[in-house]
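Accompanying notes for the structure given below.
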Amino acid sequence: MSSLTLRNLKKRFGTVDVIRGVDLDVSDGEFVVFVGPSGCGKSTLLRMISGLEDVTSGELRIGDRIVNEVQPAKRGVAMVFQSYALYPHLTVRENMGFGLKVRKVAVAERGRRVAEAAALLRLESLLDRFPRELSGGQRQRVAIGRAIVGYPDVFLFDEPLSNLDAELRVHMRSEIAALHKRLGNTMIYVTHDQVEAMTLADKIVVLRDGFIEQIGSPRELYERPDNVFVAQFIGSPK
Ligand code: ADP
Ligand code: MG
């Protein structure tokens, strides 16, 4: 089953075409990584999938539904941002449960899901702390926890590790890989880190100026890049 389908997807801001006809099929449980230079439209594409940005034209399908007009909370997706976007005045527990509360999930069920995510992410002892009392890695885990509790079909990650130092980045990378194995969700993951892309992805999508330049497994892109642009991104470590 295809869990996510983009058909000739376009986005225009004012007079600028930012996403210029993107076609993509993502299967259930697949780990897809978007790479490409700054400004090529990676975040915009994720925001369109999540519903934070409207689609200008084309079709966006999640599971068997066309979701162009479906509001973000009803799409079955959850997004994790580079900036974590935690609420400073809420505890870890409240941050993680916030979306469920908004969706009127009952208190007991909320507590159960937060406890489950906290165990998965080793946050149990931190549930009553505030974001300012956490390290960068812990904050990022809370942001991931907040996404997990909604039981999304599709996880969207926008450069989730780029604010972390190199060592922690490597550690969190393997945590994310383990999480994916454990949950089996579909993941769409944006990064500009080539190693992250190569190690995490089932499939890499190379974007350039709002177009897909090439799609393939890490190995295919590494061994058979279509052009110099892709080779620079994937083939030759910088
Ligand atoms: P990336 O995540 O690949 O760095 P973005 O998706 O953030 O790229 O941005 C793609 C292009 O769209 C950039 O040229 C950016 O300036 C433009 N853009 C993004 N958001 C807006 C917006 N809300 N209004 C106008 N232009 C935008
Ligand atoms: Mg971006």
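Just so you know, all these numbers are worked out from the coordinates, no wet-lab data involved. None of these values were measured; they are calculated from a predicted model. We place every Cβ from the backbone using ideal geometry, glycine too, and count neighbours over all the protein chains shown.
The table that follows gives values for the structure above.
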quantity	calculated
Under the Debye formula (equal points on every Cα, no solvent term), log10 I(q)/I(0) of segment 1-99 at q = 0.15, 0.17 Å⁻¹	-0.68, -0.85
Kirkwood Rh in Å, taken over segment 64-135 so that all alpha-carbon pairs contribute	13.7 Å
Listed residues Asp165, Asp209, Asp153, most fluctuating in the chain (Gaussian network, C-alpha, under 10 Å)	Asp165
Viscosity 0.890 mPa s, 25 °C: Kirkwood-radius Stokes-Einstein D of segment 125-204 over Cα pairs, µm²/s	183 µm²/s
P(r) tail fraction, segment 59-214 - alpha-carbon pairs more than 18 Å apart, %	61 percent
Top of Phe157, Phe130, Phe34 by mean-square fluctuation, Gaussian network on the chain, Cα under 10 Å	Phe130
Amide proton proximity set for Gln214, modelled H, under 5 Å, gap of 5+	Val206
Lys, Arg +1 and Asp, Glu -1 on Cβ, resulting dipole of segment 113-238 about Cα centre, debye, nearest 20	300 debye
The chain: calculated mean residue ellipticity at 222 nm from DSSP helix runs of at least 4, using -39500 (n - 2.57)	-10000 deg cm²/dmol
Proximal aspartates and glutamates relative to Lys10, as straight alpha-carbon distance under 14 Å, when same-chain residues fewer than 8 apart are discounted	Asp23, Glu53, Asp54, Glu59, Asp209
Fraction of antiparallel bridges per DSSP, segment 82-238 only, in percent to nearest 5	50 percent
